Ligand code: FDA
């Protein structure tokens with residue numbers, strides 16, 4: 001219930017005005033969103049962590065905004081080391097205006113990363129964008145085989161999606177939005193996550209295990225061993241500001257760990273989804289609203 005309310009608030013301009021004006025909200029933003037992206041990437045790289053960078057923004061309303069997002073990503077590439085990844089939301093590239101526009105814009109970023117040792121991963125968003133996501137990914141993959149895609153385990157057909165994506169770079173996560181008919185119980189989502197993990201780990205692609213859940217991290221490690229994958233044949237991914245000690249612990253035992261680093265002014269919907277994931281953050285959030 002609370003989760004749904006927060007996800008709904010992530011799309012409300014009025015809630016955005018209230019939340020953004022609070023001083024304590026800014027403290028939460030500092031925890032989850034990088035201020036200076038160059039410094040954040042350097043600090044993570046020094047700790048032997050890989051990065052995927054998200055230039056915050058979604059739901060653009062015209063072509064000019066979508067083009068600005070492309071320019072921001074292309075400019076960002078000069079600040080990233082080889083081995084980095086960029087995470088891109090197709091709604092920021094104009095998916096809701098036209099699928100072709102989002103495809104063209106994503107292709108421009110794919111062309112720009114080529115030759116730099118940087119990869120691109122397409123984030124998964126609201127349920128009504130998933131068909132567009134799949135279709136854009138399938139087209140891009142013909143020319144850029146290493147373009148990655150996210151699968152949300154809360155979708156009932158997540159396992160079938162993973163099977164169809166054999167050979168691809170696939171980031172598996174639980175799912176941060178809401179979707180009609182999707183799994184809602186934590187137990188069902190976890191089961192679906194494990195079904196997907198089994199398919200990805202036994203397949204021919206590159207699994208990216210995006211979770212902070214200790215049990216799922218253990219299961220992923222065991223499945224990697226069972227399927228003869230060494231530490232270079234899959235990676236863990238976690239969000240900036242979430243379980244940093246665990247990120248370092250895994251990297252310290254030789255695992256590849258990539259941190260998802262969001263930056264930019266358009267942080268509001270991203271922050272609301274982080275709040276929806278973690279009830280303990282809500283007390284902090286409630287105080288931030290009361291203190292206005
Ligand atoms: P779960 O929510 O059960 O959390 C497990 C534990 O992790 C918690 O008990 C807590 O200790 C810690 N934790 C989790 N979230 C926290 C938070 N916000 N603050 C503090 N602690 C927290 N979703 C999506 O729909 N589309 C996408 O493209 C992506 N992309 C993506 C990339 C990466 C790298 C990650 C890690 C996650 C995503 N997600 C996403 C978000 C994902 O779907 C999911 O909502 C979150 O990862 C939280 O789920 P967990 O698997 O961590 O488990």
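Below are the figures for this structure:
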read-out: Estimated distance in nm for a label pair at residue 195 and residue 218, the labels positioned 7 Å out from Cα along Cα-to-Cβ; value: 2.3
read-out: Segment residue 242-residue 63, extension gain: residue separation times 0.36 nm, minus the distance between their alpha carbons; value: 61.1 nm
read-out: Simple label model, 7 Å out from Cα along Cβ direction - residue 97 to residue 230, nm; value: 4.7
read-out: Residue 16 paired with residue 186, simple spin-label distance in nm, labels 7 Å along Cα-to-beta-carbon; value: 3.1
read-out: MRE, 222 nm, helices only [DSSP H, n ≥ 4, -39500 (n - 2.57), over the chain, to nearest 500]; value: -15500 deg cm²/dmol
read-out: Exposure proxy ranking, count of Cβ atoms within 10 Å, fewest first, for 242, 113, 136; value: 242, 113, 136
read-out: Gaussian network model of the chain, springs between alpha carbon atoms under 10 Å - residue of 237, 152, 134 with greatest fluctuation; value: 134
read-out: Pairwise FRET efficiency - residue 47 versus residue 26, Cβ, R0 = 25 Å, nearest 0.05; value: 0.50
read-out: Tail weight of P(r) past 18 Å, computed on alpha-carbon pairs of the range 1-132, percent; value: 61
read-out: Value in Å of the Kirkwood radius, where the range 34-266 supplies the Cα pairs that are averaged; value: 17.8
read-out: Gained length - residue 164 relative to residue 4, 0.36 nm times residue gap less alpha-carbon distance; value: 54.6 nm
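Each reported figure results from applying straightforward, stated rules to the coordinates on display, with no laboratory input. Because the structure is predicted, anything quoted here is derived from the model rather than measured. Cβ: placed from backbone, ideal geometry, glycine included. Neighbour counts: every protein chain shown.
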